[in-house]
Amino acid sequence: MRIAIAMMSHETNTFSPVLTDLARFSAGRDKPVSGEAALKVFRNTASGLGGFIEVAEAQGVDIQMSIAAGAAPSGPVEDDCYEYMCEAILKAATQCDGMLLDLHGAMATKSFNDGEGELLRRLRELVPGLPIAVALDMHANITEQMVRNCTLLTGYQTYPHVDMDGAARRAGQLFFEHLAGGFEPTMVWGNAPMLPHVMRQGTDDEPNKSLQARVMALEAQGDMAVSLFTGFPHADIPDAGLSVVAITNGDTAQAENIRDELLDSAWAQREKFVYQPEPLAESLARAEVAADQTEQGPVVILDHYDNTASGGTMDTTEVLAAVLEQGLQDVAVFGFYDPESVQAMVAAGVGNSVTLDLGGKLPMPALKQSSKPIRLTGQVKLISDGRFPATVAMSRGLTMNMGLSAILSLPNDVDVIVVSRHIEPFDPGCFRSMGIEPSSRRYLMLKSRVHYRVGFREMAKAVVECAGCGVCTSDYSQLEFNQVRRPIYPLDGVNANRGDWMADS
Ligand SMILES: [Zn+2]
């Protein structure tokens, strides 16, 4: 038996100006990896492909590794890039007995709101009976097109995503049970008219902690797959938001009951999914108090409006400017995406002084706010090729690639890491590979939202969330939503009954 495995993974922030072309999916190579090379990169890693490969190898099937294309979140995917990836997957579909797909579930392209649904629709059209199992991110925005055109799908149950491989294992195991004739997937889905704020979706916090615990308890009964997707709100598409997919062994009523229970429970707790930002000056004042009260260990200053793993430009300067203005001492910053500034630092050379206009380079037309470069004079402390092995539970075993990187050292012991490839700081390796021990600094300024928790929460003595500037703002009033179904909470206020909203919309 021949099973094809492929990845086409992108979380599209439709408000993001960051270009999403094939180079972004190629991880520093000239095109996305495939075949034996892809097996080598992803086998035994904490990734969706790692999970699929493990399950397929345990079955002893012949594995056909198709394209493994994943890109950091950014704006809508370029059409030629999308067609390149689809073509590779469609070709593999004609040469196999079943397919395991690691998709994200919130991909929008220049031409399609639902990149994954369109791919699955084409697959079904090309090879109608092909069994297809799909693993998705918890931030997937589920559509009818996705559900109708695959055999079964599962989503992550953790955020930070420390079960990317786990979601693939769940999908893969049911898939092989299905192929063996022991499991007949009956899949139902539904969404609630709500856009949970990403900052309130962490599974260490309520309400998602209890919701995902309930999902796992249901699955523990056996013979089913249940996924609650909190969704990705920065995708202005009709189906953005929270949804549930329930799969049982041929029992439609059971699947519908599970779906409705979870949707009702999420809807009842919708206010807990709302994020209330605080003015930046107040947050930084709190950070200083927290640092004064702390013997050792860093206070995390979280610049979460500009998180690259939500499509941020990773170059807005508001929080750094406020940190410098306030005169905070002993700060390590990760990081700024600014290849031009890295080149200027390389030209200046290690140990020499350099004056830069850092960040603020990419206009953000979708945001009712803009960022500007900040002029800084400092010393070039270190230059690196920006590669390090991930060692934390998310992505363990994969090589992280920040591109050519450098440290700009400023007065007051402020070290700013500047990189040439977008990456969210979730693994302390992003500092350690640059010679900085994050746990020994007084402050860590991180451009992250929730994934920093994987590698930094334990060392952090306090975390202060800072409202800066960026296209993953948690202040929805800064964004203009035109395509998402209305009414939707919290854009349109509160209504007591999910069913009424469903009927109205
Ligand atoms: Zn996600």
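The alpha carbons of region 102-173 stretch over 34, 30, 15 Å along the principal axes, in descending order. In plain terms, the chain from Gln269 to Asp30 could stretch by 81.4 nm, reckoned as 0.36 nm per residue minus the Cα-Cα distance. Overall shape: rounded for region 280-473, with the ratio a/c of the largest to smallest alpha carbon gyration tensor axis below 1.5.
Taking the charge dipole of region 72-147 about its Cα centre, with +1 at Lys and Arg Cβ atoms and -1 at Asp and Glu Cβ atoms, the residue from Ser74, His104, Thr94 reaching farthest to the positive side is Thr94. Restricting attention to the chain, close to 40% of DSSP beta bridges with both partner residues there are antiparallel. About its Cα centre, the chain has a charge dipole of approximately 680 debye under the convention of +1 per Lys or Arg Cβ and -1 per Asp or Glu Cβ, with nothing else charged. With neighbour counts taken as other beta-carbon atoms within 10 Å, the residues Phe481, Phe273 rank, fewest first, as Phe481, Phe273. Separation of the alpha carbons by more than 21 angstrom is noted, of Lys31/Lys447; Lys110/Lys447; Lys31/Lys91; Lys361/Lys461, for Lys31/Lys447; Lys110/Lys447; Lys361/Lys461. Computed over neighbours whose Cβ is under 13 Å from that of Gly50, the net charge equals -1, Lys and Arg +1, Asp and Glu -1. The phi torsions of region 170-178, fed into the Karplus equation with coefficients 6.51, -1.76 and 1.60 and a -60° offset, translate into couplings of 4, 5, x, 5, 5, 4, 6, 4, 5 Hz, rounded to whole numbers, with Gly and Pro shown as x. Note on region 2-273: Kirkwood hydrodynamic radius from all Cα pairs is 18.3 Å, rounded to one decimal. Reported to the nearest whole Å, the Cα centre-to-centre distance from region 108-132 to region 1-48 is 17.
Label separation (Ser409 vs Lys91): 5.0 nm, computed from points 7 Å beyond Cα along the C-beta direction. Rounded to the nearest 10 degrees, the inclination of helix 339-348 to the longest alpha-carbon principal axis of the chain is 40 degrees. Taking the fewest neighbouring Cβ atoms within 10 Å as the starting point, the ordered list for His234, His197, His104 is His197, His104, His234. Using a 7 Å offset from the Cα along the Cα-to-Cβ direction at both Gln59 and Arg485, what is the distance between the two label points in nm, to one decimal? That separation, rounded to one decimal, is 3.2 nm.
If you fit an axis through the alpha-carbon atoms of helix 208-220 and take the longest principal axis of the Cα set of the chain, what angle between them do you get, 0 to 90°, nearest 10? For helix 208-220, the angle is close to 30 degrees.
Restriction of the trypsin sites (Lys or Arg not before Pro) in region 351-447 to DSSP coil positions whose beta-carbon has at most 14 other beta-carbons within 10 angstrom yields Lys368.
Note on Lys368: aspartates and glutamates with a C-alpha under 20 Å away, same-chain residues under 8 apart excluded, are Asp236, Glu278, Asp303, Asp306, Asp315, Glu318, Asp475, Glu480, Asp492.
The length gained by stretching the chain between Ala23 and Asp79 to full extension, at 0.36 nm per residue less their Cα-Cα distance, is 18.8 nm. Applying 1/(1 + (r/R0)^6) with r as the Cβ-Cβ distance of Ser439 and Glu184 and R0 = 35 angstrom yields a FRET efficiency of 0.10.
For region 256-308, the Cα-based Rg and Dmax, in that order, read 18.2, 53 Å. Distances between placed amide hydrogens fall under 5 Å for Arg387 paired with Met402, all partners being 5 or more residues away or on another chain.
Label positions at Glu177 and Asp204, each projected 7 Å from the Cα along the C-beta direction, are separated by 3.2 nm. The phi torsions of region 379-390, fed into the Karplus equation with coefficients 6.51, -1.76 and 1.60 and a -60° offset, translate into couplings of 10, 6, 8, 7, 10, 9, 6, x, 9, 7, x, 6 Hz, rounded to whole numbers, with Gly and Pro shown as x. With contributions of -39500 (n - 2.57) from each DSSP H run of at least four residues, the per-residue ellipticity at 222 nm computed over the chain stands at -8500 deg cm²/dmol. Between Arg387 and Asn44, the C-beta separation translates, for a Förster distance of 22 Å, into a calculated FRET efficiency of about 0.70. Ranked for footprinting exposure by Cβ neighbours inside 10 Å, fewest first, Cys96, Cys86 give Cys86, Cys96. Once the Cα atoms are used to define both axes, helix 48-59 deviates from the longest principal axis of the chain by about 40 degrees. Extension gain for the segment Glu288 to Val127, taken as residue separation times 0.36 nm less the Cα-Cα distance, is 51.9 nm to one decimal. Considering only alpha-carbon pairs that sit under 8 angstrom and 6 or more positions apart, the relative contact order computed for region 82-153 is 35 percent.
What fraction, in whole percent, of alpha-carbon pairs in the chain exceed 34 Å separation? Cα-Cα pairs of the chain separated by over 34 Å account for 34 percent. For region 153-201, what does the alpha-carbon gyration tensor say about shape, rounded, prolate or oblate, given a ≥ b ≥ c as the root eigenvalues, a/c under 1.5 as rounded, and a/b over b/c as prolate? Oblate, because a/c is 1.5 or more while a/b does not exceed b/c.
A short reminder: the numbers here are calculations on the coordinates, not readings from a lab. Bear in mind the structure is a predicted one, so any value in this text is a computation, not a measurement. Note that each Cβ is placed from the backbone with ideal geometry, even for glycine, and that neighbours are counted across all protein chains shown.
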